[in-house]
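What follows draws every value from the coordinates through simple rules; no lab data is involved. Everything quoted here is computed from the prediction, not taken from an experiment. Reconstructed Cβ throughout: ideal geometry from the backbone, glycine too, with neighbour counts over all protein chains shown.
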Amino acid sequence: MSMDISDFYQTFFDEADELLADMEQHLLDLVPESPDAEQLNAIFRAAHSIKGGAGTFGFTILQETTHLMENLLDEARRGEMQLNTDIINLFLETKDIMQEQLDAYKNSEEPDAASFEYICNALRQLALEAKGETTPAVVETAALSAAIQEESVAETESPRDESKLRIVLSRLKANEVDLLEEELGNLATLTDVVKGADSLSATLDGSVAEDDIVAVLCFVIEADQIAFEKVVAAPVEKAQEKTEVAPVAPPAVVAPAAKSAAHEHHAGREKPARERESTSIRVAVEKVDQLINLVGELVITQSMLAQRSNELDPVNHGDLITSMGQLQRNARDLQESVMSIRMMPMEYVFSRFPRLVRDLAGKLGKQVELTLVGSSTELDKSLIERIIDPLTHLVRNSLDHGIEMPEKRLEAGKNVVGNLILSAEHQGGNICIEVTDDGAGLNRERILAKAMSQGMAVNENMTDDEVGMLIFAPGFSTAEQVTDVSGRGVGMDVVKRNIQEMGGHVEIQSKQGSGTTIRILLPLTLAILDGMSVRVAGEVFYPAVKCGDGVAATA
């Protein structure tokens, strides 16, 4: 199987997505007054890795954006810049723009120039303010490109002048040898190339740095498969020459923290890389679906054989019947194992909400603490992607309508910080997802009055839960004013409809003054359902087991 150069790009895109997600989470967890050193280092390493890969693949705009952010992060982790909420907000905004730039490169498009210029100016402004300097209103982005090019030359100038670099790659797969040779050729001119069945070595004639080489190759192989050797030419003469010119033109000084962080990053990524290789692989969804379909056919065939075997005489066909029982157990185990491949943790969904809650709460002028419970609970991939939008609307609704403003909470004797809980757990063959807030709760009288004004069939004897379900009616809203967050009454009915289309349903519990819980119940998977064979009047039916409450014998 041949390996295309596009595999390098896809691997970079996948890892950059993961690094950006990690970066956002660490930024959200940072405490500005006393930032954790490990978190700052993790954010810096993520930026450094993305910058290296972007530069290698020619993604200049992403490289330049990350370069500016990396410099500021380096100052912060060395204690030269004091963090505050505004700076963290700017870093989060930078991460968003980096994600947009990455997405553009994925689609073979150029990133938006206006947002690039805006964020570069903002980061450069912050850098100057951190040094106590003033800044011009507009800074040419071309100057930034020149600065990065000069830095790259400064970092790699010495190896090019004094020695050549020889690289040795070992334990390669057969299809990787030629591809890695081609990629190395894009970085520098290769000489003295020696190729083996599972190895490759070559001398690099160019100014490429070891860190940049490792950053690229580690998208395909592990760091411990890469080794470097210095090929020194005329060392005595070179040493004398360097000694003579040093007083006249001292070499550019590279920040020790930045360089050590680069080595720390590559050394630190060896172990995680090996763990990923040994515990997980990336497989196309189409292949997983094809496997599930084949297993489904196998289970059906096994069921047909089991039915036929029940008609056989157990005395004469005891071994066959025993074997059919073993086949049934094996088929069930295989089905469950294959189905688990489609399952994804709810963390995939929950990880989106810390940022959303932080930004929206700040916009609304509220203080909210988000708690995530059951992030490891698994749900079918097809459902987990469809649950994101309904959950997002429920969270926004809780923030806007549920949790009160700080002064209102103080008047009610509550903590000024509101609580929002997202939880998930398995209940039988279903998953239960809850959105709970400790806000004002639903106002029963206001909901009933609004329902009556809209001509809905309601009465005073309705239970609180029945009244609560009225908010899922189309066009229903008790908001006194419409905002860009909510209040138009066009969201909750869509949430309910989407959940029902996934085979689930919504429940609501609320107590005025104490808070609201909205519960979503969904089947774990829609790919394969257990059915029960029922014969009625010569016809055979297979209702889903989960749809029945029980089986009763009739006379």
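Numbers below:
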read-out: Per-peptide average of other Cβ atoms within 10 Å, ordering 290-303, 401-414 highest first; value: 401-414, 290-303
read-out: Interchain or long-range residues, amide H under 5 Å from Gly531's placed H; value: Val545
read-out: Karplus-derived HN-Hα couplings along the stretch 15-21 (A = 6.51, B = -1.76, C = 1.60, θ = phi - 60°), whole Hz, x at Gly and Pro; value: 5, 5, 4, 5, 5, 5, 5
read-out: Convex hull volume of the stretch 359-414 per residue (C-alpha atoms, cubic angstrom); value: 95 Å³
read-out: 5 angstrom amide H check on Ser199, placed H, neighbours 5+ away; value: Leu172
read-out: Per-residue ³J(HN,Hα) for the stretch 91-100, Karplus 6.51 cos²θ - 1.76 cosθ + 1.60, θ = phi - 60°, Hz, x for Gly and Pro; value: 4, 5, 5, 4, 4, 4, 5, 4, 5, 5
read-out: Pairwise Cα inverse-distance average, inverted: Kirkwood Rh of the stretch 285-342 (Å); value: 12.4 Å
read-out: Label-point separation, Asp319 to Ala113 (7 Å along Cα→Cβ), nm; value: 8.0 nm
read-out: In Hz, Karplus ³J(HN,Hα) per residue of the stretch 444-456 (6.51, -1.76, 1.60; θ = phi - 60°; x = Gly, Pro); value: 4, 5, 5, 5, 5, 5, 5, 5, 5, 5, 9, x, 7
read-out: The stretch 171-221 shape via C-alpha gyration tensor axes, a/c threshold 1.5; value: oblate
read-out: Sequence ranges 29-42, 91-104, ranked by mean other-Cβ count within 10 angstrom, highest first; value: 91-104, 29-42
read-out: Overall Cα dimensions of the stretch 5-130, principal axis frame, Å, largest first; value: 44, 28, 20
